[in-house]
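First the structure, in the form of C-alpha cells, and then the observations on it.
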Amino acid sequence: MVPLVLWVNDKGAVADSIEGVSLSQPGYRSLTWAALFYLAALVAIYRLMFSVSVASLMLAMNRTVIPSHRATMNGVATLLVSLARSVGPGIAGFLVAFSLSAGVFQPLVGATCLFLFLAMADLAAGLSAIVFLREEIDQERDSTIQK
C-alpha cells in the first residue's frame, strides 16, 4: 500500500524545500497532505499490530513449552529477537540502496519490488508459524484425549 500511495501522489506539497534543496527541481515529487496522513495511519496501524502480534507469540510460545523449560525458551526467543533487530537494519539498508540505485530497475519500480519481496517474506514467515503452532496444538490435543 505504501508504494501505491507514492506512485499516484502527484499534487500538493508538504514543504517547498528540504534542507535547501528545492522540491520543484526535476526528479523531486512532494507529498500531498492526504498522502502524508494516510502514511501516518499505516505506520500507526503497523505498530499496533506489531505489538499485538509479539504479545500473542509470547503467549503461544509459553503455552507450547512445559513449565520447567519456559525460562530457557524465553531466553532463546529473546536472543533471536535481539539478533534479528541488530542484523535487520543492515540487511534492509542494503536492499533499499540496491533497489534504488543499482540501475537494475527504475527507483520507483525497485521500491515496489522491494516492498513486495518483504511482504511475501513476512507472509511466508507468518504462515510457517501458523503451520508449526497448529501441529503443536494438534499434538497437545491428541495427548490430552489419550489421557
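The values are calculated or read from the model by the stated rules, or taken from the named source; none is laboratory data. The model shown is predicted, which means the values in this text are computed figures rather than measured ones. Heads up, the Cβs are rebuilt from the backbone with ideal geometry, glycines too, and the neighbour counts pull from every protein chain shown. Surface areas here come from the heavy atoms of the whole protein model, side chains and all, with no ligands, DNA or RNA. Shrake-Rupley method; radii C 1.70, N 1.55, O 1.52, S 1.80 Å.
The modelled label-to-label distance for the pair Leu36/Ile66, using points 7 Å beyond Cα in the direction of Cβ, is 5.8 nm.
In whole percents, the pair-distance distribution calculated for segment 47-90 from its alpha-carbon pairs, binned every 10 Å from zero, is 25, 47, 25, 3. What a 1.4 Å probe finds exposed on segment 82-147 is 70% carbon and sulfur by accessible area, rounded to a whole percent. Extending 7 Å from the Cα toward the beta-carbon at both Ala92 and Val109 defines two label points whose distance is 2.6 nm. What segment 89-141 shows is 75 Å² of accessible area per residue, with the surface traced by a 1.4 Å probe over protein heavy atoms.
Would you please name the chymotrypsin sites (Phe, Trp or Tyr not before Pro) within segment 85-147 that are DSSP coil residues with at most 16 other C-beta atoms within 10 Å of their C-beta?
On the way: sites: Phe94, Phe98, Phe105, Phe115, Phe117, Phe132; in loops: Phe105.
Here the chymotrypsin sites (Phe, Trp or Tyr not before Pro) that fit, given the DSSP loop and packing criteria, are Phe105.
Placing dummy labels 7 Å off each Cα toward the beta-carbon, the span from Asp122 to Tyr46 is 0.6 nm.
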